[in-house]
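Undergrad: One structure coming up, written as structure tokens, with questions to follow.
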């Protein structure tokens with residue numbers, strides 16, 4: 001009797017242990033034997049490191065876990081992923097199982113709910129998609145930047161090579177000679193500047209005298225300017241106008257034959273008499289020069 005009771009206890013213990021083992025195994029896989037669950041499938045070309053136990057989310061909230069991954073029976077390399085959710089969720093038939101990765105490298109399935117009125121049933125295969133996530137965005141940003149940097153480095157290397165080819169020994173010598181010539185020119189400029197300074201110092205007294213003379217000239221010019229300012233230009237203009245009027249009157253009198261000057265200008269007889277007198281005097285002088293003895297002078 002005792003042996004029979006002992007055998008029964010051993011059997012019960014084995015069954016309990018088996019149940020606990022199965023429950024624990026399924027618990028670790030995300031399955032629960034105490035409540036109803038929906039099983040869904042998704043087909044991916046690459047699992048991106050997805051593992052059993054990884055979470056399934058809707059709008060960032062966990063609604064299930066990945067239960068298993070296996071290759072598709074058609075042996076084309078695609079992977080069937082099984083995940084489970086609670087039976088209280090209504091998942092439209094056109095929901096997408098999006099495989100996403102985070103910045104830390106963890107992978108999860110994000111359910112993007114569709115708008116179909118027909119709900120998916122347990123055992124259905126949902127549409128699948130990939131989301132690169134934060135790491136993907138960083139990679140998409142860094143890779144073009146890396147390519148641009150590589151192109152820039154290649155261009156810089158080409159530029160450096162071209163500069164090395166351009167700067168041959170002869171050109172380098174010319175550049176060095178040019179630098180030396182420039183240095184000599186600067187030294188010459190310094191020498192000339194020093195000489196000019198010495199000249200200025202030696203001629204400082206003369207320069208001071210010249211400056212003083214210029215100041216005196218400026219003062220004299222100021223005096224002349226003041227004198228010119230004091231002139232009564234209106235009176236001067238009136239006097240000039242009066243003189244011009246009198247001169248015009250005199251010219252009109254001469255033109256009209258008035259006065260001695262007018263008669264001399266207008267009357268031909270006076271002019272002719274003067275010419276005859278001059279001619280007679282000229283003849284007399286010539287006779288005296290020719291026969292000086294004919295001239296007898298007596299002094300009383």
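To keep it simple, each residue is scored yes or no on (1) in a loop (DSSP other than H, G, I, E, B); (2) within 15 Å of residue 40 (Cβ to Cβ).
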residue: 68; (1), (2): no, yes
residue: 77; (1), (2): yes, no
residue: 83; (1), (2): no, yes
residue: 97; (1), (2): no, yes
residue: 100; (1), (2): no, no
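Undergrad: Suppose the filter is surrounded by 10 or more Cβ atoms within 10 Å (Cβ to Cβ), within 18 Å of residue 123 (Cβ to Cβ), at pLDDT below 85 and touching a strand residue (DSSP E or B) at 6+ places or on another chain (Cβ under 8 Å); does residue 35 pass it?
TA: No; evaluated as a whole, the condition is false for this residue.
Undergrad: Among the residues of the range 43-50, are any surrounded by fewer than 17 Cβ atoms within 10 Å (Cβ to Cβ), in a strand (DSSP E or B) and either touching a helix residue (DSSP H, G or I) at 6+ places or on another chain (Cβ under 7 Å) or modelled with pLDDT of 80 or more (or both)?
TA: Yes, the conditions are met somewhere in the range 43-50.
Undergrad: Determine if the range 14-29 includes at least one residue that is touching a helix residue (DSSP H, G or I) at 6+ places or on another chain (Cβ under 6 Å), farther than 19 Å from residue 129 by Cβ, surrounded by fewer than 11 Cβ atoms within 10 Å (Cβ to Cβ) and modelled with pLDDT under 80.
TA: Looking through the range 14-29, none of the residues is touching a helix residue (DSSP H, G or I) at 6+ places or on another chain (Cβ under 6 Å), farther than 19 Å from residue 129 by Cβ, surrounded by fewer than 11 Cβ atoms within 10 Å (Cβ to Cβ) and modelled with pLDDT under 80.
Undergrad: Which condition does residue 95 not pass, out of (1) under 55 Å from the mean Cα position of the chain (by Cα); (2) surrounded by fewer than 14 Cβ atoms within 10 Å (Cβ to Cβ); (3) at pLDDT 80 or above, if it passes all the others?
TA: (2) is the only condition that residue 95 fails.
Undergrad: In the same structural domain as residue 42 (by TED's automatic domain parsing), exposed (fewer than 14 other Cβ atoms within 10 Å of the Cβ) and modelled with pLDDT of 90 or more - does that describe any residue in the range 70-88?
TA: Taking every residue of the range 70-88 in turn, at least one turns out to be in the same structural domain as residue 42 (by TED's automatic domain parsing), exposed (fewer than 14 other Cβ atoms within 10 Å of the Cβ) and modelled with pLDDT of 90 or more.
The values are calculated or read from the model by the stated rules, or taken from the named source; none is laboratory data. Treat the numbers as computed from the prediction; the structure is a model and nothing was measured. Positions of Cβ are backbone-derived with ideal geometry, glycine not excepted, and every protein chain shown enters the neighbour counts.
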